[in-house]
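Undergrad: This is the structure, below, for whatever I ask next.
The values are calculated or read from the model by the stated rules, or taken from the named source; none is laboratory data. Here the structure is a predicted model, which means the values were calculated and not measured. Ideal geometry is used to build each Cβ from the backbone, glycine not excepted, and the neighbour counts take in all protein chains shown. Protein only, heavy atoms only, side chains kept; ligands, DNA and RNA dropped before computing areas. Shrake-Rupley method; radii C 1.70, N 1.55, O 1.52, S 1.80 Å.
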Amino acid sequence: MGIFSKPIKSLDDLFMHTLQDMYYAENQIAKNLPTMVQKANDPQLKQGFQTHLTETQNQIKRLDQVFQVLGERPKGVTCQAMDGILAEAKEVMSDVADTDVADAAMLSSAQAVEHYEITRYGTLIALARQLGKTQCVGPLEQNLEEEKATDKKLTALAESRINRKAA
Ligand code: FE
Ligand code: FE
Ligand code: FE
């Protein structure tokens, strides 16, 4: 158990913990995306990151709504997984010399982020349904669909140009 986190005794606690974990993760993503927008060399990749920054800001607002429905103040708990994915992304970037390869590296890191989000939103939706928190399901599903769409866009971008340019 984390030093400052509450013990997780029930499925309800697990839902709240996972929600707070995603609140933290989304805020870290929103903090890091501007650097990715700035560093992306390919205009389509740059635009893709910019679009997802706007979407991420909206996703945080949807999480705010979910907390509100639950009568809780929005709060994050450290997501070690997201911290790790973002730290790894930075480390790889610092080792890449070629700008086209840097784009391929950033894109692959972004997909690792999306996949983490997809698994957590999937869990949150399943828990919300199980716990009868029906009002939470809609906003969580909207976020999940955006993450899935982003992942698909990134795959298309990698296969159609970014990996080719870097090869
Ligand atoms: Fe997100
Ligand atoms: Fe996490
Ligand atoms: Fe995302």
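Undergrad: In this structure, is Ala112 under 25 Å from Arg161 (Cα atoms) and either within 15 Å of ligand 2 (Cβ to nearest atom) or not in a helix (DSSP H, G or I) (or both)?
TA: Criteria met by Ala112.
Undergrad: Kindly evaluate Leu157 against the criterion of being in contact (Cβ under 8 Å) with a residue 12 or more places away in the chain and under 21 Å from Cys79 (Cα atoms).
TA: Answer is no for this residue.
Undergrad: Could you list, in sequence order, the residues of segment 27-47 that are within 11 Å of ligand 3 (Cβ to nearest atom) and either assigned to a loop (DSSP other than H, G, I, E, B) or in contact (Cβ under 8 Å) with a residue 60 or more places away in the chain (or both)?
TA: Passing the criteria: only Ile29.
Undergrad: I'm trying to understand the selection: among the residues of segment 52-109, which are within 19 Å of Lys165 (Cβ to Cβ) and among the hydrophobic types (A, V, I, L, M, F, W, C)?
TA: Selection gives Val92, Met93, Val96, Ala97, Val101, Ala102, Ala104, Ala105, Met106, Leu107.
Undergrad: Out of the residues in segment 110-126 that are surrounded by fewer than 20 Cβ atoms within 10 Å (Cβ to Cβ) and more than 14 Å from Met22 (Cα to Cα), state the one that is farthest from ligand 3 (Cβ to nearest atom).
TA: That would be Ala126.
Undergrad: On to the next question. Please go through (1) open to solvent by 20 Å² or more (accessible area, probe 1.4 Å); (2) touching a residue at least 12 places away in the same chain (Cβ under 8 Å) for Cys79 and return the number of the only condition it doesn't satisfy.
TA: It is condition (1) that Cys79 fails.
Undergrad: Right, another one. Would you tally the residues in segment 52-76 being away from ligand 1 (no atom under 11 Å from the Cβ) and touching a residue at least 24 places away in the same chain (Cβ under 8 Å)?
TA: 9
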